[in-house]
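**Student:** The structure is given below, and queries will be raised subsequently.
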Number of protein chains: 2
Amino acid sequence: MAATKTDMLMQVLRDRIARRALGPGDRMPSIRRFAEQMKVSPSTVVEAYDRLAAEGVISAKRGSGFYVSNSNLPPMKLTPAGSPQTRNVDPFWVSRQSLDAQPGAVQPGCGWLPEDWMPHEAMRKGLRTLAKSDAATLTNYAPARGSLVLRRCLLGRFAEESLSATPEHLMLTASASQALDLICRLLLRPGDTVLVDDPGYFNFRALLRAHQVNVIGVPYTREGPDLAAFEAALAGAPRLYITNSALHNPTGATLSPQIAHRLLALAAAHELTIVEDDTFVDLEPEPSPRLAVLDGLNRVLKIGGFSKTLSASVRCGYIAGRADWIEALVDLQVATSFGGPSPVATELLAHVLTGGGYRKHIAELHRRLAGARKAVAAQLAPLGITPWTLPRGGFYLWCRFPEGTDTGDIAQRAMEDNVMLAPGNVFSPSQSATRFMRFNVTQMSDPRAHEALAKAMAA
Amino acid sequence: MAATKTDMLMQVLRDRIARRALGPGDRMPSIRRFAEQMKVSPSTVVEAYDRLAAEGVISAKRGSGFYVSNSNLPPMKLTPAGSPQTRNVDPFWVSRQSLDAQPGAVQPGCGWLPEDWMPHEAMRKGLRTLAKSDAATLTNYAPARGSLVLRRCLLGRFAEESLSATPEHLMLTASASQALDLICRLLLRPGDTVLVDDPGYFNFRALLRAHQVNVIGVPYTREGPDLAAFEAALAGAPRLYITNSALHNPTGATLSPQIAHRLLALAAAHELTIVEDDTFVDLEPEPSPRLAVLDGLNRVLKIGGFSKTLSASVRCGYIAGRADWIEALVDLQVATSFGGPSPVATELLAHVLTGGGYRKHIAELHRRLAGARKAVAAQLAPLGITPWTLPRGGFYLWCRFPEGTDTGDIAQRAMEDNVMLAPGNVFSPSQSATRFMRFNVTQMSDPRAHEALAKAMAA
């Protein structure tokens, strides 16, 4: 059957309602005016309105015309209202449970180091120094791109990684997550398609949900994304690919130079922009290939922060990328946050980063982490839990459980013992990581972690 | 002429491109598939594609079909690329010029106090105390709603204003601007309509531009928004009204109890949500009516921060509102920033706020500000510049210039002397404040401010 003009009119109106050109509660255009505008007869408009009303998309109010139904688009809802079971595979599960943990909780599922692994003495010293700084630092806004001291310090670190950039290529943000959020606001529109790794960092998906985009997961291998799957996904004309190259979260895998190179060639051929999250850079004992370095900040935006090795309390992230994008991102940050991170925060970070003790702290971290990874792998083996790969650095072990295990169930049970775990499916857009779990090896020393895990597996 | 099916097909496609269901560079649906989907003949699709290609909306690639042109929707651009003249009335003008001021700039246009008016000694003391706090405060994330110490401190202050709220009604954010941004993300969709004051705070408009909504200005009188205009604007079914009630920015006017009450009644009748920005609360010598208090956090969300009286360097804001909205806003903040403001920041703020010296600092500020408002009004009078109203508190004077003056021109000229002014139209959605300017009376003591102003007016 051929579409009638009424069908097509209905489609136009549905599209307008979907993109909220007509919002909930809005009065529909008057029949006469809309008929003139669309160059159809008023009776065609009446028929379209009647049929949309029958569908519940709009509703008639006696004597005053048609209105868009309020049920079409509720306020943005990121999480289903459902039961704990449905929250199980929710990308928010790990973050909310770990940020708002009960007192005394054990958190092998969380994404940070215990406080006694962090350089708090250097922080204390930095705070005492900051207490002597000038009044402007303590009470004024930072420049729109953020403190120049910290930007220079970052540019120096980039140069060590063979990434040459100037201050125009760099801005500071309130966190690495906010860095990604600003990029998504600049480059994405609702309905766009974005590629992420499967498994990959759960908060990428939570954030992308807030942007109302379609997320496609690309299987992640021990050497980087599966290129055949990546190439196939390019047919969906994605706008962005978001990844961690160094010490991939959750697997701890490392991108190989070959895959890095071919990935960039594919991205260039398909005009794809890449966001490379380099949050784990300081946890790598030996540097690995970086997309941003190979590409020279052309189509790759590099983001990062300081929460993994310095402090998650002092919030600060950064974006490095094309100067024109950075300029537009700075405007966006001014509009939405009125400036970047606190000068108090950035001075403190610069103080610790440039202090002599930071490199020593990092070397010591590498040593302790290598020991902890080995110890936890040994501790998990008797339970039939084995690492999928042995990461070169960092604090994650991505582990496979015995056949038939649902790590979501295990995480739910362990919660009853106040042990917070990170079940595989929170990392998996395709929900194909039921038998996997991410362990933070630095949060496993409390015997309750192992006890709760063994108990939950036995249940 | 009646619309043909081709016309309507073109409209469907334009709508899809506008909402980026089809994005720049995307291949258009195949002719056969799209004809089937839309129940039209392939020749109708071909005609629609040809005509859209003639308009430049899509383009044909030899042998491979039609693609959406890249020019349709560039990355989000918040500012016109134009000349300094067009930047003149840009809502970003004041923020970017003042955040990135040249060294030695005089800034009567900025929105903050000079550093020597701020409690930097209390800050120094707070930093020294913070240096002794536990390692977790220095290196861990805050709970998702932010530090309980600072939330309790805020709830105590709310109670003094007769606003009773519990911890579930309150969350901390990275800044007051970010508080508003999160609310807009939760409640608005592109194309929605939002009411703001005219004149009103320029960054509300910059932020709303990032949300791609329609902004309608409601004239602001000496007692609050003009209710007749407000009521008329309700016909456009706005979703939000954003305002400052206490010491309205830029006018310094105070909302009257009568207007507050009638405003809330209108909002209730039209299911309008109100955001009340209470950033200037501590600069009010005597409390004035608050929408959030009258309404009891039902349809009013209250936001604020600490940048005006404590520190703009330590970034922190808050949102108080309905518990279910706060819960959804917390999810949004976790997704987009991974948690709220730094515990280091919030502990420092709580330390200063609860310290004995803060009330004394505020009393002293009120005294100095009253003197500065009077002095600056007297200083401006000989130039024919007169305050529109005499504010009860705060640091702004909204002033009228002699007939025929364009304050945008004056601000441009003063920039040449490194004096940054805030011309009226950056505050005016209707661009009807050509003869007005906002002065920050605390930034006028440098004689260059008056000299540059007199020189620019004489030119």
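**Student:** Report the equivalent ellipsoid semi-axes for chain B in whole Å, largest first, defined as the square roots of five times the eigenvalues of the gyration tensor built from alpha carbon atoms.
**Tutor:** Over the Cα atoms of chain B, the ellipsoid semi-axes are 43, 29, 23 Å.
**Student:** In 10 Å bins starting at 0, how do the alpha-carbon pair distances of the range B:19-68 split up by percent?
**Tutor:** With 10 Å bins starting at 0, P(r) equals 27, 58, 15.
**Student:** Treating the angle as unsigned and between 0 and 90°, give the value, to the nearest 10°, between the Cα long axis of helix B:42-54 and the longest Cα principal axis of chain B.
**Tutor:** It works out to around 50 degrees.
**Student:** Taking a quarter of the surface of the convex hull around the Cα atoms of the range A:150-220, what do you get in nm²?
**Tutor:** On the way: hull surface 23.4 nm².
That works out to 5.8 nm².
**Student:** Once you charge only the Cβ atoms, +1 for Lys and Arg and -1 for Asp and Glu, what is the size of the charge dipole of chain A about its Cα centre, to the nearest 20 debye?
**Tutor:** Numbers: 49 positive and 43 negative charges, 158 e Å.
My answer is approximately 760 debye.
**Student:** Same structure again: Using the 7 Å Cα-to-Cβ label point, sort the distances from A:GLU223 to its equivalents in the other copies shortest first and give them in nm to one decimal.
**Tutor:** So the label point of A:GLU223 gives 7.7 nm to the other copies.
**Student:** Quick check: pseudo-label points 7 Å beyond the Cα along Cα→Cβ at B:ASP324 and A:ASP134, how many nm apart are they?
**Tutor:** 5.2
**Student:** Loop only by DSSP, 15 or fewer other Cβ within 10 Å of the Cβ. Give me the trypsin sites (Lys or Arg not before Pro) in the range B:175-236 that pass, ordered by residue number.
**Tutor:** Here the trypsin sites (Lys or Arg not before Pro) that fit, given the DSSP loop and packing criteria, are B:ARG222.
**Student:** On a 0 to 90 degree scale, rounded to 10, what angle separates helix A:323-337 from the longest Cα axis of chain A?
**Tutor:** 80
**Student:** A further question on this structure: Can you pull out the chymotrypsin sites (Phe, Trp or Tyr not before Pro) in the range B:303-398 whose DSSP state is coil and whose Cβ has at most 15 other Cβ atoms within 10 Å?
**Tutor:** Details: sites: B:PHE306, B:TYR318, B:TRP325, B:PHE338, B:TYR358, B:TRP388, B:PHE395, B:TYR396, B:TRP398; in loops: B:PHE306, B:PHE338, B:TRP388, B:PHE395.
Here no loop site has a sparse enough neighbourhood.
**Student:** Of all DSSP beta bridges in the range B:118-355, what percent run antiparallel (nearest 5)?
**Tutor:** Once the DSSP bridges in the range B:118-355 are tallied, antiparallel ones form about 35 percent.
**Student:** Kirkwood-based Rg over Rh for the protein assembly as shown (C-alpha set), two decimals?
**Tutor:** 0.97
**Student:** Which one, A:TRP117, B:GLY340, A:LEU369, is farthest towards the positive end of the dipole of the protein assembly as shown when Lys and Arg carry +1 and Asp and Glu -1 on their Cβ?
**Tutor:** B:GLY340
**Student:** Taking A:ARG367 in one copy and the same position in all the others, each labelled 7 Å out along Cα→Cβ, what are the pairwise distances from the first, in nm, shortest first?
**Tutor:** Shortest to longest, the spacings are 5.8 nm.
**Student:** Could you derive backbone 3J(HN,Hα) for the range B:229-239 from the dihedral phi with the Karplus parameters 6.51, -1.76 and 1.60 (θ = phi - 60°), listing whole Hz in sequence and x where the residue is Gly or Pro?
**Tutor:** 5, 4, 5, 4, 5, 5, 4, x, 6, x, 8
**Student:** In addition: In the protein assembly as shown, what percentage of the DSSP-assigned beta bridges are antiparallel, given to the nearest 5?
**Tutor:** Numbers: 48 of 84 bridges.
In the protein assembly as shown, DSSP labels about 55 percent of beta bridges as antiparallel.
**Student:** Could you work out the pair-distance distribution P(r) of the range A:208-249 from its alpha-carbon pairs, with 10 angstrom bin width and percents rounded to whole numbers?
**Tutor:** 24, 54, 23
**Student:** Suppose we keep just the DSSP beta bridges with both residues in chain A; what percent of those would be antiparallel, to 5?
**Tutor:** Numbers: 24 of 42 bridges.
Around 55 percent of the beta bridges assigned by DSSP in chain A are antiparallel ones.
**Student:** Scan the range B:358-458 for GluC sites (Glu not before Pro) in coil per DSSP, keeping those whose Cβ has at most 16 other Cβ atoms within 10 Å, and list them by number. All intermediate terms of the calculation are to be shown ahead of the outcome.
**Tutor:** On the way: sites: B:GLU364, B:GLU403, B:GLU416, B:GLU451; in loops: B:GLU403.
The qualifying sites are B:GLU403.
**Student:** Taking Cα pairs under 8 Å and at least six residues apart, what relative contact order does chain A come out at, in percent?
**Tutor:** 20
**Student:** Measure up B:LYS360/B:LYS455; A:LYS132/A:LYS308; A:LYS5/A:LYS61; B:LYS39/B:LYS61; A:LYS374/A:LYS455 against 30 Å on the Cα-Cα distance and list the ones that go over.
**Tutor:** Over 30 Å Cα-Cα: B:LYS360/B:LYS455.
**Student:** A further question follows. Which FRET efficiency value, to the nearest 0.05, do you get for A:GLU168 and B:ALA60 by plugging their Cβ-Cβ distance into 1/(1 + (r/R0)^6) with R0 = 35 Å? Working shown, then result.
**Tutor:** Values: r = 38 Å, r/R0 = 1.08.
Using R0 = 35 Å, I get an efficiency of 0.40.
**Student:** Note down the magnitude of the dipole of the range B:321-459 about its Cα centre, charges +1 on Lys and Arg C-beta and -1 on Asp and Glu C-beta and zero elsewhere, to the nearest 20 debye.
**Tutor:** About 700 debye.
**Student:** Under a crude label model (7 Å from the Cα following the beta-carbon direction), how far is B:GLN102 from A:ASN214 in nanometres?
**Tutor:** 5.2
Readers should treat all values here as calculations from the given coordinates under stated rules, not as data from a laboratory. Note that the coordinates shown come from a computational prediction; the quantities given were computed from them, not determined experimentally. For neighbour counting, all protein chains shown are included, and Cβ atoms are generated from backbone atoms with ideal geometry for every residue, glycine included.
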